[in-house]
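The values are calculated or read from the model by the stated rules, or taken from the named source; none is laboratory data. Predicted model only: the values in this text are computed from it and were never measured. Here Cβ is always computed from backbone atoms with ideal geometry, including for glycine, and neighbour counts include all displayed protein chains. Remember, those area values only see protein heavy atoms, side chains included, never the ligands or the DNA or RNA. Shrake-Rupley method; radii C 1.70, N 1.55, O 1.52, S 1.80 Å.
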Amino acid sequence: MSERHTVLRSMHDLGLAAWFGGSLMGATGVNGAAAKISDKTQRLPVASAGWARWTPVNAAAIGTHLAGAVGELVTESPRVLTQSGVGRMSAIKTALTVAALAITGYSRMLGMRLEKSGHPPVAGVTEPQPDTPRAVATSQRQMKVLQWAVPAVTGALIVVTSYAGEQQKPGQVFRGFLGRAGGMMTGAGKGMGMGMLSTNGNGRTHRMMAHR
């Protein structure tokens, strides 16, 4: 397609980059640095304060990405219908986006739960110790997995987006259009073939009846 959609693509890419980068930095930087605090009762409060300051920025980044993604989907809808492979790629992107939103939302809920837990002693932000309250320890163990799940899924989105960009090259568009057109012609040919077989079968039956 010849039309330019620079604003939409910029919103899509910048929002996704901030979503991925912020989650990765938080897991390695915020949580990692807080775990170095000597006072074990201050590790969770310090990390929670850092994540709370990032949350509004992260929400803006996600909203920007979603707005750009929806806009791109609307403007690229003709390719989804006519170019082979684009519809499947769009479905994968949508599934990854929904998964990333769900994981991010649940992670924030766990983070708020830890933020309200006070000043419990912990070995690390996501690592409890023997005297850590059970409820806090349970949330920490879940957070230990989810803190890496968010950058993993958003990173996968970046990879799929790169593949989608490759699909927009003129050669890929042309081959994808031919692939979709060929599939439609093959389906139509099969339908005509079945109709001819049915007609020939009926004609043969009529001839046999007339001969008798």
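Take every Cα pair under 8 Å in segment 6-183 that's 6+ residues apart, average their separations, divide by the length, and report that relative contact order as a whole percent. Walk me through the numbers before you get to the answer.
Values: 197 pairs, mean separation 59.4, N = 178.
Computed over segment 6-183, the figure is 33 percent.
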Query raised in the report: Which percent of the accessible heavy-atom area of segment 6-183 goes to carbon and sulfur, probe 1.4 angstrom?
Result: 70
Report summary line: Length gained if SER38 through GLU166 is fully extended, taking 0.36 nm per residue and subtracting the Cα-Cα distance, is 41.1 nm
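Given the Cα-Cα distance of ALA52 and THR75 and 0.36 nm per residue of separation, how much length would full extension add, in nm? Intermediate values should be presented prior to the final figure.
Details: separation 23, 0.36 × 23 = 8.28 nm, distance 3.54 nm.
Once the chain is fully extended between ALA52 and THR75, it gains 4.7 nm.
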Report summary line: With the label point 7 Å along the Cα-to-beta-carbon line of ALA59 and a cut-off under 20 Å to each amide N, the hits in segment 93-108 are 98-108
**Report entry** Residue-normalised accessible area of segment 6-183, given per residue in Å² at a 1.4 Å probe
**Finding:** 52
Report summary line: The extension gain from MET25 to THR82, computed as 0.36 nm times the residue separation minus the Cα-Cα distance, is 16.5 nm
Report task. Classify segment 67-142 as rounded, prolate or oblate, taking a ≥ b ≥ c as the square roots of the eigenvalues of its Cα gyration tensor: rounded when a/c is under 1.5, otherwise prolate if a/b is larger than b/c and oblate if not. Result -> prolate
